[in-house]
1. How far is helix B:191-206 tilted, in degrees, relative to the longest principal axis of the Cα atoms in chain B, given as a value from 0 to 90 rounded to the nearest 10?
2. How large, in Å, is the protein assembly as shown by the Kirkwood hydrodynamic radius built from its alpha-carbon pairs?
3. Could you give the angle, 0 to 90 degrees to the nearest 10, between helix B:105-117's Cα long axis and the longest principal axis of the Cα atoms of chain B?
4. Any chance you could give the angle, 0 to 90 degrees and rounded to 10, that helix B:249-261 forms with the longest Cα principal axis of chain B?
5. Return the long-range amide H neighbours of residue B:218 (sequence gap of 5 or more, or a different chain), with a cut-off of under 5 Å between placed amide H atoms.
6. Anyone know which of A:193, A:185, A:282 comes out most mobile in the 10 Å Cα GNM of chain A?
7. Using θ = phi - 60° and the Karplus form 6.51 cos²θ - 1.76 cosθ + 1.60, what ³J(HN,Hα) does each residue of the range A:215-231 get, whole Hz, x for Gly and Pro?
8. Kindly state, to the nearest 0.05, the FRET efficiency for residue B:320 paired with residue B:9, given R0 = 45 Å and r defined as their beta-carbon distance.
2 protein chains.
Amino acid sequence: MTLKVLASQLGVHPSTVSRVLHAGPRGARGAASSETAQRIRDMARQLGYTPDPQASSLRTRRTHLLGVIVPRLSDLVLALMYEGIEEAAALSGHSTFVMNSHDDEREQRRKTEVMLARRVDGLIFGDAHLDGRLLPELAGRGVPFVLMNRRVPGFPSATCDDVRGGELVADHLWAAGHRDVAVIAGEPFASTAVDRTSGFTARWRELGGHIPADGVVWSGFDTAGGREAAEKILQTNATRPTALFAVNDFAAIGAMGTLRSHGLGVGQDMAVVGFNDTSLAAELPIPLSSVRSPLQEIGRTAVHMLREVLDGQDVESVRLEPTLFVRESSA
Amino acid sequence: MTLKVLASQLGVHPSTVSRVLHAGPRGARGAASSETAQRIRDMARQLGYTPDPQASSLRTRRTHLLGVIVPRLSDLVLALMYEGIEEAAALSGHSTFVMNSHDDEREQRRKTEVMLARRVDGLIFGDAHLDGRLLPELAGRGVPFVLMNRRVPGFPSATCDDVRGGELVADHLWAAGHRDVAVIAGEPFASTAVDRTSGFTARWRELGGHIPADGVVWSGFDTAGGREAAEKILQTNATRPTALFAVNDFAAIGAMGTLRSHGLGVGQDMAVVGFNDTSLAAELPIPLSSVRSPLQEIGRTAVHMLREVLDGQDVESVRLEPTLFVRESSA
DNA sequence: GCACGATGCCCAAACGATTGGGCAGTTCGA
DNA sequence: TCGAACTGCCCAATCGTTTGGGCATCGTGC
């Protein structure tokens, strides 16, 4: 079914059909009489005509394709954000490509080029590195993009207010009477890690607390990272902390494993708080306190921001509010 | 950068450029002299020419786009399969759309139509329902597709050998001395659930065991489903089983929660075995025995099969071998 | 010296949609 | 009654590639 055969069915010119089908129901202004318009719409529906996006974007220079690059979709956090993206993109008639970069700069580049070769209208990066060279370069080339989940100063991003999240945890642990704490800080190239950690430590000091130099341990975001970091904390800290803040639920779960194997009771000998409140947190044998960030909402927001960028508006970064859920692991 | 400007740069006709750039390095047979060919390739690289996929697929009627529909990408199992898909698709120059259908037939339809409107070359369904009407319909319309993860008789699929997986669990639990068992069976519309369950029960009976009617409980695939199912099993079974087989790790985790809240020790008062061996299984406080299925491999296989279908070959369904990992929850 | 097959290119017509610019015919105001 | 403005539509170019079909030129065999 093409415009041409549809038009010839109706005894009308393709251009007329095109105009009618684009005018929205409010009126094909000057393109056709309202009865012709109705005939066209009816026939289009009846024959199941859908415009060929390849053909139309060849002419219009817009593909309605958005590229999404994330570290890995098997990370629940990113998968949920992507659900938000898919939803919002569909609402505005866009389709999305997702690719995994595994947080590797070469892959980021490669996948970006693949996306650009596909002529995406714009990109959403969920894997921005604070020290990366890719983004400034793309901005220089005039490629439209926004960041999601992680921010980088100078570029528009949709994130959780991670600093605030860290503060919430500090307030909670302080109020619960803890005075010796340690942080499993995540990867230093990710703003999520840096902001959550700095939000926590800054507030902790504000409250009058002290955090020793080896009380902040950088690590992977996964269970293995959490395990190793917790091990390190137990080994190196002069006074054993009574509470752990892991900037990621999976790292928290890994840490809980380490505690267990050292014979320490989670929530009793040591409080643990995670971040993101993934669906697992509440389901653990000892339910994990965690900061919930509005993951789908972040994804949706990223899409809206990117649409604004594509419309030529300039956009402000958005930080969405997190909420702390206190559970047995720190109660 | 278009073919035309590239050609005029070189003082040569666009068609010549096109032919050279498609001929592969082995020789532009009759299209140009080998030195012209080299000049063309050099200039193309230098100017960073990439062909416009919209334009080319307009002409060739092939988009090199594959559509992937899954219940939800936030399900780790599907996310990992998708990683395999992405990898394999990239290797053959295809790009992939993913969409979530939430296991809802209306959504499946809607997303399928969106994909077809985008003119994908073929589809991979990760959300097939045994009793669905969509697939036969699509087959009738001549839409090329393959199934992944779940199978439906009559259509080509790449799955784990779920029956075999169920048998492995039956063998293990029987050998460990269990005689009263129950199954948290998952959703009856999914072949994964049905096959794992039937593999288990058939082998169990083969071994001389007996499973009462209320020993098989259908449920959701998530923790909530597992929790409810376990609750039901504890309530209704005349003799309390000593082992539980959940066809999904998340359901198993939910079940473990229920056992705990009933004061039952996992692995001591009751053995639990899950399925898929998601990365969490080994990390739980009481590590979960689970059947590992080769998730990425399933994704890759689905892509290969779809490519064969697109090439007009007819393909056989593939069942990949699972492996049981025994851990503390059933040792 | 001529037919013939390579070789090395160019021409032009698609593919399906969009869009600026027409051009008749009608309506309306003066 | 005439010009202007509007209505309702058609024409044709265009987006960037691909591809069947040329058409010279050159070398070769006889």
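Derivation of every value follows stated rules applied to the coordinates shown; laboratory data play no part. Please read these numbers as outputs of a predicted model, since none were measured by experiment. Reconstructed Cβ throughout: ideal geometry from the backbone, glycine too, with neighbour counts over all protein chains shown.
1. 40
2. 27.4
3. 10
4. 30
5. Those lying under 5 Å, H to H, from residue B:218 are B:185.
6. Looking only at A:193, A:185, A:282, the largest GNM fluctuation is found for A:282.
7. x, 10, 10, 6, 6, x, 7, 9, 4, 4, x, x, 4, 4, 4, 5, 4
8. The calculated FRET efficiency here is 0.35.
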